[in-house]
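The values are calculated or read from the model by the stated rules, or taken from the named source; none is laboratory data. All of these numbers come straight from a predicted model, not from anything done at the bench. Ideal geometry is used to build each Cβ from the backbone, glycine not excepted, and the neighbour counts take in all protein chains shown.
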Amino acid sequence: MHELATNAVKHGSLSSDTGRVSLDITILQEPARLRFVWRETGGPEVIKSPRNSGSRIIQSLTRAVGGTLHYDWQPEGLIATAEFPVAALGEG
């Protein structure tokens with residue numbers, strides 16, 4: 001989430017006074033997993049950067065816990081959807 005927020009402030013919706021970020025977090029069943037949807041709106045038009053170093057970091061971490069990550073580069077804002085096993089959250 002930190003990497004997404006940093007990128008939103010530098011380049012995405014949070015770089016604009018009218019930009020917003022919404023989060024939708026859902027626990028899915030069979031198998032138990034968490035879905036996290038990050039949606040940016042109201043910022044500058046999105047242009048996918050050829051330098052995705054932050055994206056690679058997030059992709060690596062998501063894969064390391066057995067999850068998936070999908071980016072949807074819409075002109076009105078980035079939508080990032082991650083899913084990973086609830087077990088990856090640890091206990092307690």
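Listing for the model above:
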{"quantity": "Yes/no for E45 being among the acidic types (D, E) and modelled with pLDDT of 90 or more", "calculated": "no"}
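Yes/no matrix, rows are residues, columns are (1) surrounded by 14 or more Cβ atoms within 10 Å (Cβ to Cβ); (2) touching a residue at least 40 places away in the same chain (Cβ under 8 Å); (3) out of contact with any Leu (no Cβ under 8 Å at 6 or more places or on another chain):
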residue	(1), (2), (3)
A5	no, no, no
H11	yes, no, yes
T18	no, no, yes
E30	no, no, yes
F36	yes, yes, no
T41	yes, no, yes
P44	yes, no, yes
S60	no, no, yes
L89	no, yes, no
